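The values are calculated or read from the model by the stated rules, or taken from the named source; none is laboratory data. Quantities reported herein were computed from a predicted structural model and do not represent experimental measurements. Note that each Cβ is placed from the backbone with ideal geometry, even for glycine, and that neighbours are counted across all protein chains shown. Each accessible area value is taken on the protein alone, full model and side chains, heavy atoms only, with ligands, DNA and RNA left out. Shrake-Rupley method; radii C 1.70, N 1.55, O 1.52, S 1.80 Å.
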Amino acid sequence: MTETADHRDSYPPSAEFAASANADAALYERASADREAFWAEQASRLHWHQPWDQVLDWSDAPVAKWFAGGRLNVAYNCVDRHVLDGHGDQVAIHWEGEPGDSRAITYRELLAEVSRAANYLTELGLAAGDRVAIYMPMVPEAVVAMLACARLGLTHSVVFAGFSPTALRQRVDDASARLIITTDGQWRRGKAAPLKEAVDEALFANGDVPHSVEHVLVVRRTEIEVPWTEGRDLWWHETVAQASPEHEAQPFDAEHPLFILYTSGTTGKPKGILHTSGGYLTQTSYTHHNVFDHKAGQDVYWCTADIGWVTGHSYIVYGPLSNRATQVVYEGTPNFPDEHRHWQIVEKYGVSIYYTAPTLVRTFMKWGREIPAAHDLSSIRLLGSVGEPINPEAWRWYRDVIGAGAVPIVDTWWQTETGSIMISPLPGVTATKPGAAMAPLPGISALVVDEEGKPVQRGETEANGYLVLDQPWPSMLRGIWGDMERYRATYWERYAEQGWYFAGDGAKLDADGDLWVLGRVDDVMNVSGHRISTAEVESALVGHSGVAEAAVVGASDETTGQGIVAFVILTAEAKDTGTALVDELKAEVAREISPIARPREIHVVPELPKTRSGKIMRRLLRDVAEGRELGDTSTLVDPNVFEAIRATKA
Ligand code: WTA
């Protein structure tokens, strides 16, 4: 995966694509001539109940105000507007259930459902500013729930349904959520797995420790049996489904909080990334339109992410719906009932835009090209990638096998914190290169700099380049929920003098000046496109009575990008160093955090390499995990520990 393409390996857009592309080169010119005027032009894509007075107010940096004074309703923009414009009969969501059931939901039906939910949430006494946790699989009601919150000015906090009760409780407590919306269970490879049960476990987990949750609203999906608390628990079909389908959306301030989404940081405690309304919707809408070349009423769009991640927020819910997309939402895994599932769905709905993660592309590669080759994929006219650097080999396979060797690929770099795509080719404009995110989008400014903040030169590939964003952007995070100090410290301290946002990613500029994002430079791992902090996994490991100390690193992995490798020192009592304990520890991490955090390898070691000041030297552990020669060990207390560690790995 260290393979690099040279600058001749470039794929210019076809004349045909360029001729009808949404984007053109003039976007860059307009944006650099007057950035604020450019963003004002983009904000005009939306319906504002009241126009803004000021495009950007940066006087309270690093907390931006975009479109100050403006008022809008995010759900109105994603739903009502399209119905009022005469597109009520257009399908908004082609929903495909894992067991094979499906539903087509038009914009008119979506409006009725969102209105019912908004009416019922109001009846429950929820009011603008309250927080609602959404812990649901990929069912249409999850999208309805998010939009109903947006409609009422409630701040949603979606918690990935693969997260453990402990992780859910942590997030519910941090945001003091008054309501949890969930399902009875979720389909996973043909089996109904309980979910409501996990909510109960979360709420009872800490014994009698009081929580903020007044009600749990449950959508019936799998018909699995659920534990029930009378008075607290409510069935969606007995409440929301009975409410009135008429609801008038009220406008909210452009800076009204829209959602909190937790993401891993470098400590064990996840950060609640806060996003607001007007700027967020402006940039998700603008990027979805231009980066995916989306044509309303023509394209069938499919983003394979889960709503539990930011990609699901911005590129399943807010971006596409604001642009009146017709999209596929799929509930299940790509290999149920077999590895043909995605391509059958593409064929069935005539998907034209397909957006996924490199880890899935590499999985498809492993399954073999004859699987997609058995299907008619000719409807596909654009492919997207997100979540981690896409290695050139996977990029080429994606283009050749899925894209008939012809369609543009957009490699989109962004983060939970940035809210929308920041760095990406523009289809129809940019000549793309396998593995490169290419350049900041019009309206966005990014630099690659060294430790001191000096720009790294093009072609200077040996330098340690860091990616920074040197100008505020509309969908930027407005802070970390409940911890503004951490917000400043995490993103703004490193280049405080210059006032730059530190993204936490390494980057380089190639000889042509094109930008390559190289991956995290902090203690955050990227496993199958999911951010997991080493500290979180370490704390789950030391939570086990058999573990005295743990160090976790992300080691490169052919399929998942990185795999989690843990080194543990056992307690005196835990004499058993056999696989039974290792398996138990893996299961413990999966239980404590999520199956996505399950370590690939756990090595029981007698000691951990530490500096004289007691810091674990992760860099050296990564060398060991990846089977490399050791780097500089001069600051180690005892370089011999590696002999011992190596011996246990062999
Ligand atoms: C990584 C996902 C290289 C990066 C939208 C970033 C990428 C982190 C790319 C954010 C890409 C995402 N090329 N790296 N195209 N896209 N990343 O918050 O390390 O889940 O900082 O947001 O994923 O992950 P997050």
inquiry  = Any residue that is more than 17 Å from Ile307 (Cα to Cα), surrounded by fewer than 23 Cβ atoms within 10 Å (Cβ to Cβ) and hydroxyl-bearing (Ser, Thr, Tyr) - is there at least one of those in region 147-165?
reply    = no
remark   = Quick count over region 266-310, residues being closer than 17 Å to Thr356 by Cβ and not aliphatic (A, V, I, L, M), is 13
request  = Inspect region 220-233 for any residue being under 25 Å from Asn73 (Cβ atoms) and assigned by TED's automatic domain parsing to the domain that holds Tyr349 and give the result as yes or no.
outcome  = no
task = Can you work out which of the residues in region 389-410 that are within 14 Å of the ligand (Cβ to nearest atom) and open to solvent by less than 10 Å² (accessible area, probe 1.4 Å) is farthest from Gly312 (Cα to Cα)?
result = Pro392
key: The listed residue being out of contact with any Cys (no Cβ under 8 Å at 6 or more places or on another chain) and farther than 20 Å from Ala128 by Cα, out of Val74, Val83, Val79   = Val83
request  = For Arg116, indicate whether it is out of contact with any Phe, Trp or Tyr (no Cβ under 9 Å at 6 or more places or on another chain), within 25 Å of Thr155 (Cβ to Cβ) and not hydroxyl-bearing (Ser, Thr, Tyr).
outcome  = yes
inquiry  = Taking the criterion of being away from the ligand (no atom under 16 Å from the Cβ) and either within 20 Å of the chain's Cα centre (by Cα) or modelled with pLDDT under 95 (or both), would at least one residue in region 309-316 satisfy it?
reply    = no
ask   = Which numbered condition trips up Val524, out of (1) within 14 Å of the ligand (Cβ to nearest atom); (2) surrounded by fewer than 23 Cβ atoms within 10 Å (Cβ to Cβ); (3) more than 18 Å from the chain's Cα centre (by Cα)?
value = (3)
request  = Can you confirm whether region 230-241 contains a residue that is away from the ligand (no atom under 16 Å from the Cβ), closer than 26 Å to His49 by Cβ, in contact with a Phe, Trp or Tyr (Cβ under 9 Å, 6 or more places away or on another chain) and not in a strand (DSSP E or B)?
outcome  = yes
ask   = Do you know which of the residues in region 79-121 that are in contact (Cβ under 8 Å) with a residue 60 or more places away in the chain and hydroxyl-bearing (Ser, Thr, Tyr) is surrounded by the fewest Cβ atoms within 10 Å (Cβ to Cβ)?
value = Tyr120
key: Residues of region 560-577 satisfying the condition of being exposed (fewer than 14 other Cβ atoms within 10 Å of the Cβ) and either touching a residue at least 60 places away in the same chain (Cβ under 8 Å) or of a type in the set (Gly, Ala, Ser) (or both)   = Ala572
message = So, in region 527-541, how many residues would count as being near the ligand (Cβ under 8 Å from one of its atoms) and either part of a loop (DSSP other than H, G, I, E, B) or aliphatic (A, V, I, L, M) (or both)?
response = 1
key: Criterion violated by Gly268 - all others in (1) modelled with pLDDT under 95; (2) within 16 Å of the ligand (Cβ to nearest atom) satisfied   = (2)
message = For a quick check of your reading of the model, give me the residue pairs whose first member lies in region 527-555 and is at positive phi and of a type in the set (A, V, I, L, M, F, W, C), whose second is at pLDDT 95 or above and open to solvent by 10 Å² or more (accessible area, probe 1.4 Å), with beta-carbon atoms closer than 6 Å and at least 6 apart or on different chains.
response = none
Residue check for Arg30: open to solvent by 80 Å² or more (accessible area, probe 1.4 Å), charged (D, E, K, R) and in contact with a helix residue (DSSP H, G or I) (Cβ under 7 Å, 6 or more places away or on another chain) = yes
ask   = Within the bounds of region 245-255, is there any residue that is closer than 27 Å to Val216 by Cα, of a type outside the set (Val, Ile, Thr) and at pLDDT below 95?
value = no
inquiry  = Here is a list: Val386, Val449, Val429. Which entry is open to solvent by 10 Å² or more (accessible area, probe 1.4 Å), over 24 Å from the mean Cα position of the chain (by Cα) and not hydroxyl-bearing (Ser, Thr, Tyr)?
reply    = Val429
inquiry  = So, in region 498-515, exactly how many residues are within 25 Å of Pro474 (Cβ to Cβ) and either within 13 Å of the ligand (Cβ to nearest atom) or among the charged types (D, E, K, R) (or both)?
reply    = 8
query = Out of all the residues in region 272-300, which are within 29 Å of Ala68 (Cα to Cα), open to solvent by 10 Å² or more (accessible area, probe 1.4 Å) and part of a strand (DSSP E or B)?
reply = Leu274
ask   = Mind checking which residues of region 584-623 are more than 17 Å from Gly554 (Cα to Cα), without any contact (Cβ under 8 Å) to a residue 40 or more places away in the chain and touching a strand residue (DSSP E or B) at 6+ places or on another chain (Cβ under 9 Å)?
value = Glu607, Lys610, Thr611, Arg612
